[in-house]
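Report on the following structure.
Nothing in this text is a laboratory measurement; each read-out follows from the coordinates by a stated rule. Being a predicted model, the structure only gives us computed values, none of them experimental. Every residue, glycine as well, gets a Cβ built from its backbone with ideal geometry; the counts of neighbours run over all protein chains shown.
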């Protein structure tokens, strides 16, 4: 954080109440819908009764206000509402999920409410809630902060050599075999451009085939933003040095290590200090259903990636300095998103699975002194439950992309068994091949100016900012 930003925060801390909420999750975890539904729920709070300021009828009004950061794009709240309700200007009148996040964005909601206790004698209070959204691809870059070029290369090469990656990684891996990265190379820049281009093509082809939740990076190779064509994106993983070898100063390895360190310093670290280091609260979204569904990523890989990300965040710490002088995340909510894709009788198992899968992250969060909770939620409920009396089984029913009316779906049953089953199981659940999540469309008939259905969104907001609204 630079001195100017710090001075601004000191002034704000003396004159107004402000809380910064980071919405974190891997790609396709539901961050965009979560932010849209959270804001819509505050603006139209009739179904947010488990948020105490609403349940106790102390909420006067919530309004959208200009964001404090003039150099950040505004989160496209209105466009997301239009898509979800089928009112998009260039749409076909049917509800659709908003596009996933492609760059960082910010949105401010100002909440006027009546406080409790003795301070209520001084009248209404105002809380500014600033929400930050960013691509999951960029989020994974935080894992690079404590990894050397050699360590990152080893992990990326192992990922590229998985059987599932053969069709995508082969051209790049075959090209690597033709290189001598440690020898003097006057044309190292040209070689770096070629190798980095092949590596980027592999990343994008694999992501296109496996989905945005695939754990690939660096993130700016997939979503470069303003860095498109920059030398900062001209490096790639390299095989380890030969025993006793010393790369030449003008070698390909020396150039790529320099580029990697520059990317980590000028892109990842700067992004962390500008945004993550100033957060007050954090919600971590995990789409458990998608990762457990047939063909999804092993949950162990997801847990390891999120754990590495959380290590980079300023969580906890009881320090004596005031929050506006020493920002720190003092509350973290771990949420299994899209819970409406599973029947309600499986939600407790869903929460237990998330709790055990992120066990190390949760223990470290608690040790650092931050409050935490684990829940399952659906920021926007797209299904309803149907009970089959013959089978004594609960189904979820909703509109899918290939159906003209609601269809009932049973995804399979979670197995809340032990997590130490070995690598062959690829995760802490049973009957993996039979577990499949359906992709539902947004519910029809959403009112742009009325409350929306959800599952435990109000409980999530209460945990995250309820104390600020007391």
Per residue of the chain, what 222 nm ellipticity follows from adding -39500 (n - 2.57) for every DSSP H run with n ≥ 4, rounded to the nearest 500? -9500 deg cm²/dmol
Relative to the longest principal axis of the C-alpha atoms of the chain, give the angle of the C-alpha long axis of helix 149-160, reported between 0 and 90° and rounded to the nearest 10°. 80
How high is the relative contact order of region 41-162, in percent, with contacts defined as C-alpha pairs under 8 Å that are six or more residues apart? 22
What percent does the relative contact order of region 140-272 come to when contacts are Cα pairs within less than 8 Å and at least six residues apart? 41
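Tell me, what is the percent relative contact order of the chain, built from C-alpha pairs under 8 Å that lie six or more residues apart? Don't jump to the answer; show the numbers that get you there.
Numbers: 850 pairs, mean separation 92.8, N = 470.
Answer for the chain is 20 percent.
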Using the alpha-carbon atoms, what tilt in degrees (0 to 90, nearest 10) does helix 252-262 show relative to the longest principal axis of the chain? 20
Report the gain in length on full extension from residue 266 to residue 360: 0.36 nm times residue separation, minus Cα-Cα distance, nm rounded to one decimal. 30.9 nm
Calculate, axis by axis, the spread of Cα positions in the chain along the three principal axes, and write the results as whole Å, longest axis first. 74, 64, 47
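What ranking, highest mean first, results for peptides 34-47, 62-75 when packing means the other Cβ atoms within 10 Å averaged over each residue? Working shown, then result.
On the way: 34-47: 21.5, 62-75: 14.3.
Descending packing order for the listed peptides: 34-47, 62-75.
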Could you state the orientation-averaged shadow area of the convex hull built on the Cα atoms of region 203-280, in nm² to one decimal? 7.5
Between the Cα axis of helix 299-311 and the main Cα principal axis of the chain, the angle (0 to 90°, nearest 10) is 80
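Taking the radius of gyration and the Kirkwood hydrodynamic radius from Cα positions alone, what is the Rg/Rh ratio for region 140-272, to two decimal places?
0.94
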